[in-house]
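Report on the following structure.
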Amino acid sequence: MQPKESWNPEIVEVNYDAGRSMSTYTPFDLNMNDFPETSNVIGLCNLRLVAMRIIQTVRLINKKFDCCIKVHNEILQGKANTILDSPHSVDLVKSPSAIHECKIECESIVFQMRRVLDSLVQLTSFLVDPDRINEDKEVRFDSVGRVIHLGKKAGEVGKIVLGDSFYHEDLTGF
């Protein structure tokens, strides 16, 4: 009798590489002048406050990313504690490894970047069609995922976010 074949899911990890060294990183900063003047969408939101939140989130991302680069370099140089060489490795709840902390911070950065991109899509939607939004009180394009899902059906917002013959298109495949 042959043993039952166990089912194990196939896990594929995908890592994107910008093709450049971390040393080329320069923080990206925004200010209120980077956002076009817009009228508020009555009853939905104050677009200036949304812009201020985006600016603050980008600053937080820069700060967290800078910390991650420092911890990553310490790990590569063997200066950061890891589970294997930490004197506190028995009590991992109180003393997480530097590698684990760095991973969690990187995941947090990706989440915050996604929120910024979604907010920029929403602002683009407000700029493109403010009359319809004021009338319907509905944001049709609330995330990057929604625009990508709709593709060409996303209209002007899709052209701006995804690019076309008029708007700059990302040709990196990233």
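The values are calculated or read from the model by the stated rules, or taken from the named source; none is laboratory data. On a predicted model such as this, the values are computed, not experimentally measured, just so you know. FYI the Cβ positions are ideal-geometry reconstructions off the backbone, even for glycines, and counts take in every protein chain you see. Please note that ligands, DNA and RNA were not included when accessible areas were found on the heavy atoms of the full protein model with its side chains. Shrake-Rupley method; radii C 1.70, N 1.55, O 1.52, S 1.80 Å.
Quick notes on this structure:
- Listed by position, the helices (runs of 4 or more DSSP H) contained in the stretch 93-153 that have at least 3 residues being among the aliphatic types (A, V, I, L, M) and within 12 Å of the chain's Cα centre (by Cα) are 98-128.
- Cβ separations smaller than 9 Å between residues 6+ apart or across chains give the following pairs from the stretch 1-26 residues that are within 29 Å of Glu74 (Cα to Cα) to residues that are modelled with pLDDT under 70 and open to solvent by less than 100 Å² (accessible area, probe 1.4 Å): Thr24/Ala18.
- Residues that are in contact with a strand residue (DSSP E or B) (Cβ under 9 Å, 6 or more places away or on another chain) and within 27 Å of Val110 (Cβ to Cβ) were ranked within the stretch 120-174; the one that is surrounded by the fewest Cβ atoms within 10 Å (Cβ to Cβ) is Val139.
- For the stretch 4-49, a residue qualifies if it is open to solvent by 90 Å² or more (accessible area, probe 1.4 Å), of a type in the set (Ser, Thr, Tyr) and modelled with pLDDT under 70, and exactly one does: Tyr16.
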